[in-house]
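First comes the structure, then the notes that go with it.
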2 protein chains.
Amino acid sequence: MNAKAAEPKSPAEERSLDPEDWEELRQLGHRAFDDMVDYLKSVADRPAWQPLPGAAKKLFEQDLPRQGIGLGEVYEQIRDHVLPYPTGNIHPRFWSWVGGTGTPAQLIADLVASAMNSASLGFDEVASSYVELQLLNWLKSLLGYAADSSGLLVSGGSMANLVGLAVARTHAAPYDVRDQGINTSDYPRLIYYMSSEGHSSLRKAIELLGLGSASLRIVPVKDDFTIDVDALRTAIRDDRQAGRLPACIIATAGTVNTGAIDPLNELADIAEQENLWMHADAAFGGFAKLSAKSAHLVDGLERADSLAFDLHKWLYVQYDCGCVLIKSSDTHRNTFSVIPSYLRKFDRGLASGPLNFSEYGVQLSRSFRALRAWTALKTEGTDRYGQQIEQNIQQAKYLTQLVEDRVGLELLAPTAMNIVNFHYVDESLSNAEQDDLNAEILMQLQERGIAAPSSTVLNGRFSIRVAICNHRSKRSDFEALVEAVTAIGKDIRAS
Amino acid sequence: MNAKAAEPKSPAEERSLDPEDWEELRQLGHRAFDDMVDYLKSVADRPAWQPLPGAAKKLFEQDLPRQGIGLGEVYEQIRDHVLPYPTGNIHPRFWSWVGGTGTPAQLIADLVASAMNSASLGFDEVASSYVELQLLNWLKSLLGYAADSSGLLVSGGSMANLVGLAVARTHAAPYDVRDQGINTSDYPRLIYYMSSEGHSSLRKAIELLGLGSASLRIVPVKDDFTIDVDALRTAIRDDRQAGRLPACIIATAGTVNTGAIDPLNELADIAEQENLWMHADAAFGGFAKLSAKSAHLVDGLERADSLAFDLHKWLYVQYDCGCVLIKSSDTHRNTFSVIPSYLRKFDRGLASGPLNFSEYGVQLSRSFRALRAWTALKTEGTDRYGQQIEQNIQQAKYLTQLVEDRVGLELLAPTAMNIVNFHYVDESLSNAEQDDLNAEILMQLQERGIAAPSSTVLNGRFSIRVAICNHRSKRSDFEALVEAVTAIGKDIRAS
């Protein structure tokens, strides 16, 4: 008996979804790869954003086809109606939200991952299990975590935060929370602390975990948008006195609004003194550790009991690729492990892999997302990533200087790392009118295809927000931004 | 001002992660695509599973490189040490767990998605928002959901189940569960019902949601592994009498062990009578709806208030691609919506997209996984998918017949849809010895590269489990499986 499938004795009608003509697929693949290279090579020549025309929207309203139109035709539709309208984070002047850029090298990795289509279970004795474990070991070492800590690749920061806060719940609850659920009848309410600048996914996680937002204590921030440590201490003391159970301090290393970094060592000290779990949301900020010059900004991050971060943000990895690291692998596993009989591990064969990733998170089968990050890091090396990240930090400083030097523009927050907040000032207008003016400037920046910053509200004021996780940006792009904001602002006021 | 980036006036040292030589990338892309075509075209010629040799494992133990080795070299490593060792669900004789196959057409879609790297937020006015909405509309119509129901692509069935059960919690709790959390002090315990054959992710979701497994009532199954409806009715009555609050019936359309389908209409009737939420876990079974001949198997599925299913299983879509549909979009949105100021929606420009997907689930930025499913459905059309699915159902019947006809093999469960359970019988052995023998047969099937079924335990007995979500399988593959099981069983007993 050998492994080769025998010629079918089966009915003639047995078909597969493989192409009838593999050569045709090969040709299309070459063409598509050429198109993708051209697309990325020329991205700076296109607008940072452009609206979808009616023809595209019309296509996206068509009913489900009963008869297929073939891959060639589908590809034409993609090329004409999908490809020209990306979110835009691949563009050198995209600085919205916290969108990473991706790299062309990962096209190769994503192609391979698509062909292999591995289920990335971890207990399968296959390459994906080992690639992910190796990547996790690399990330632990980069971020100062011990080899015996545990980790998991997840869909992104929201899921990484959910996992971290779930493990904190296991640690803090003085009862078996997996069995009883949240027990408010017999035990005090668990309290999680985060600053008013903490990410929305943290609130969402606390709600999803059944703790309720009543378990979330929002601590005010100081002028630099970092958590007010004195207010935190007071809140913990007050909660203890009121019979509640302080459970977890959430630190943010790089707030989404301004990039502010909470005083990590101080928070870790408090967590130790108060016997609390410390979770760090370092969705993008964690990778400052890769820059020799800026690593100090996130000193203390390695003291967090759980750490959430995204490789698809400031490691420029394609979506999606997030990660969570947990110091206590036992507590991590105790939070999620359920092994039914159909997932039995064997000593030999397919199901004899190194560990079951589903014991550390929500997913069972998972995409082979590890391959793209593995490819990226091996291709460029960490030194180069450190330089790219530092380049973004320097660009944020440069933009800050440009804004400070420009009459009519004003910073709205100190630039802590890689996010710059500013607005166009016209003192003849009220605050509300100025806010509306800046919203209009932002929309026109996008509509004219010049650049795509996003916005936020800081101390009640509308801010044009430039988050730089973009390896394609150059200083000239920020110069162009400042020129355009000034010009558009004047245009609007003149008309 | 036009959108083209000006020539940099910036320091010479500004670099990007784009290749220095785009031509080299183009050549490598062609080579890689050729390799992937060859890889998939010849998959049947390779073993269904093979162990990783020492050289591969050694590579996966190397430290993180500070200096990159370049993409060409990384690709060589991938080709030599990663590519030959996939989970194996691309192989025609892979029937483990519930692994879908993927299709070659999606290589193109995945390549495009990788190049675009869209954040798939939904509130970005870009192609990915509309592609996903269109796909969701198609899926609603395929599965009998109204156009005004809501839906979301997620990482897979585990997440889809989590979302569904979270929305059920919102619906059932007689208090604001997002604010208060699970409140056991003032309100009765919510109870979710599922059969003993329900998927492990459902228990996990109930634990994660802070309900606790004490809120999960496991209802026994009948001989055909479907839920015992009388026992369910009794359990609901008992819980009400004991002052608990029945909240949700979980129906399974295709249990993971045997493919059994709970009586969906009966469960929907009970849910209506008792005013309970009905969640259906149709991770793979839902797509039986695409087969004219077998759609009746899942009649009533469209009555579920929430429906979880995977496109990466029985729609043969590449990992990862799951989906959840919810009848009440308001309850769905009320479970997850948190809109911070930095995610403000605008009337025009980049942030003027159709809706914010993060209001319907855990993730904020997401991969553009919609594109591969969209490409698959448009390429082949739903009729063709229906035929492929029916082919798998017929193959399961065929294998069932082969097992029944073969002396020395015995079925361990009725074949309800596309999963077959059987074992090798040697009546001179005890039950425990026979179970060990079958585990050994399974490992040898895999080690010899013949086929990759998985296993489970049914009524206390070890079962070789063949789950058929594979468009590459032919009847001859099942003939080969039956021959091999018999031959290996005899070999082992003889030695």
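The values are calculated or read from the model by the stated rules, or taken from the named source; none is laboratory data. Everything numeric here is computed off the predicted structure, so don't read it as measured data. Here the Cβ positions follow ideal geometry from the backbone for every residue, glycine too, while neighbour counts run over all protein chains shown. Side chains included, ligands, DNA and RNA excluded: accessible areas come from the protein's heavy atoms. Shrake-Rupley method; radii C 1.70, N 1.55, O 1.52, S 1.80 Å.
At-a-glance table
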| quantity | calculated |
| --- | --- |
| Number of the condition not met by A:ALA432 [criteria: (1) outside any helix (DSSP H, G or I); (2) not assigned by TED's automatic domain parsing to the domain that holds A:LEU136] | (1) |
| One residue from B:ILE450, B:ILE389 being open to solvent by less than 20 Å² (accessible area, probe 1.4 Å), within 12 Å of chain A (Cβ to nearest Cβ) and in a loop (DSSP other than H, G, I, E, B) | B:ILE450 |
| Leading residue by the ranking (nearest to the other protein chains (Cβ to nearest Cβ)) among those in region B:127-147 that are open to solvent by 10 Å² or more (accessible area, probe 1.4 Å) and over 19 Å from the mean Cα position of the chain (by Cα) | B:TYR130 |
| Cβ-Cβ under 9 Å pairs, at least 6 apart or on other chains, region B:326-351 side within 8 Å of chain A (Cβ to nearest Cβ) and over 26 Å from B:ALA160 (Cα atoms), far side among the acidic types (Asp, Glu) and open to solvent by less than 20 Å² (accessible area, probe 1.4 Å) | B:PHE346/B:GLU125; B:ARG348/B:GLU125; B:GLY349/B:GLU125; B:LEU350/B:ASP124; B:LEU350/B:GLU125; B:ALA351/B:ASP124; B:ALA351/B:GLU125 |
| Residue count for region A:288-312, restricted to those that are touching a helix residue (DSSP H, G or I) at 6+ places or on another chain (Cβ under 8 Å) and either open to solvent by 30 Å² or more (accessible area, probe 1.4 Å) or without any contact (Cβ under 8 Å) to a residue 60 or more places away in the chain (or both) | 12 |
| A:GLY285 vs. criteria closer than 18 Å to A:GLU302 by Cα and buried (at least 24 other Cβ atoms within 10 Å of the Cβ) | yes |
| Matching residues, region A:291-315, being assigned to a loop (DSSP other than H, G, I, E, B) and over 10 Å from the mean Cα position of the chain (by Cα) | A:SER291, A:ALA292, A:LYS293, A:SER294, A:ASP299, A:GLY300, A:ALA304, A:ASP305 |
| For B:LEU107: the one exception among (1) more than 7 Å from every other protein chain (Cβ to nearest Cβ); (2) aliphatic (A, V, I, L, M); (3) in a helix (DSSP H, G or I) | (1) |
| Check on A:ASN421, polar (S, T, N, Q), buried (at least 20 other Cβ atoms within 10 Å of the Cβ) and assigned to a strand (DSSP E or B) | yes |
| Qualifying position, being touching a residue at least 40 places away in the same chain (Cβ under 8 Å), in contact with a Ser or Thr (Cβ under 9 Å, 6 or more places away or on another chain), of a type in the set (Val, Ile, Thr) and over 25 Å from B:ASN257 (Cα atoms), among B:VAL98, B:VAL154, B:VAL126, B:VAL82 | B:VAL126 |
| Test: residue in region A:402-421 that is charged (D, E, K, R), within 12 Å of another protein chain (Cβ to nearest Cβ), in contact (Cβ under 8 Å) with a residue 12 or more places away in the chain and out of contact with any strand residue (DSSP E or B) (no Cβ under 6 Å at 6 or more places or on another chain) | no |
| Elements of type helices (runs of 4 or more DSSP H) in region B:148-257, at least 2 residues being more than 29 Å from A:ALA160 (Cβ to Cβ) and open to solvent by 10 Å² or more (accessible area, probe 1.4 Å) | B:229-241 |
| Hey, B:ILE69 at pLDDT 95 or above, of a type in the set (Val, Ile, Thr), part of a loop (DSSP other than H, G, I, E, B) and surrounded by fewer than 20 Cβ atoms within 10 Å (Cβ to Cβ) or not | yes |
| Members of region A:60-87 that are of a type in the set (Gly, Ala, Ser) and at the interface with another protein chain (Cβ under 7 Å from one of its Cβ atoms) | A:GLY68, A:GLY70 |
| Residue that is least open to solvent (accessible area, probe 1.4 Å) [pool: residues in region B:265-279 that are without any contact (Cβ under 8 Å) to a residue 40 or more places away in the chain and not in a helix (DSSP H, G or I)] | B:MET278 |
| Given (1) at pLDDT 95 or above; (2) open to solvent by 50 Å² or more (accessible area, probe 1.4 Å); (3) not in a helix (DSSP H, G or I), number of the condition A:PRO8 does not satisfy | (1) |
| Odd one out for A:VAL457 among (1) facing chain B (nearest Cβ under 8 Å); (2) open to solvent by 10 Å² or more (accessible area, probe 1.4 Å); (3) of a type in the set (A, V, I, L, M); (4) touching a Lys or Arg at 6+ places or on another chain (Cβ under 7 Å) | (4) |
| Among (1) touching a Gly at 6+ places or on another chain (Cβ under 7 Å); (2) open to solvent by 10 Å² or more (accessible area, probe 1.4 Å), the one test that B:GLY381 misses | (2) |
| The lone exception for B:SER114 - which of (1) among the hydroxyl-bearing types (Ser, Thr, Tyr); (2) free of Cβ contacts under 8 Å to residues at least 40 places away in the same chain; (3) not in a helix (DSSP H, G or I) it fails | (3) |
| Pairs where the first residue, in region B:468-495, is more than 11 Å from chain A (Cβ to nearest Cβ) and open to solvent by 10 Å² or more (accessible area, probe 1.4 Å) and the second is modelled with pLDDT of 95 or more and in a helix (DSSP H, G or I), C-beta under 9 Å, 6+ apart | B:ILE492/B:LEU437; B:ILE492/B:GLU440; B:ILE492/B:ILE441; B:ILE492/B:GLN444; B:ARG493/B:LEU437 |
| Residue satisfying condition, being among the hydroxyl-bearing types (Ser, Thr, Tyr), within 21 Å of the chain's Cα centre (by Cα), in a helix (DSSP H, G or I) and within 12 Å of chain A (Cβ to nearest Cβ), within set B:SER358, B:SER365 | B:SER358 |
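Okay, residues lined up against (1) within 8 Å of chain B (Cβ to nearest Cβ); (2) open to solvent by 40 Å² or more (accessible area, probe 1.4 Å); (3) at pLDDT below 95:
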| position | (1), (2), (3) |
| --- | --- |
| A:GLU14 | yes, no, yes |
| A:GLN27 | no, yes, no |
| A:LEU40 | yes, no, no |
| A:PRO47 | yes, yes, no |
| A:LEU52 | yes, no, no |
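Matching residues to (1) of a type in the set (S, T, N, Q); (2) open to solvent by less than 10 Å² (accessible area, probe 1.4 Å); (3) not in a loop (DSSP other than H, G, I, E, B):
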position	(1), (2), (3)
A:ASP80	no, no, yes
A:HIS91	no, yes, no
A:TRP97	no, no, no
A:THR101	yes, yes, no
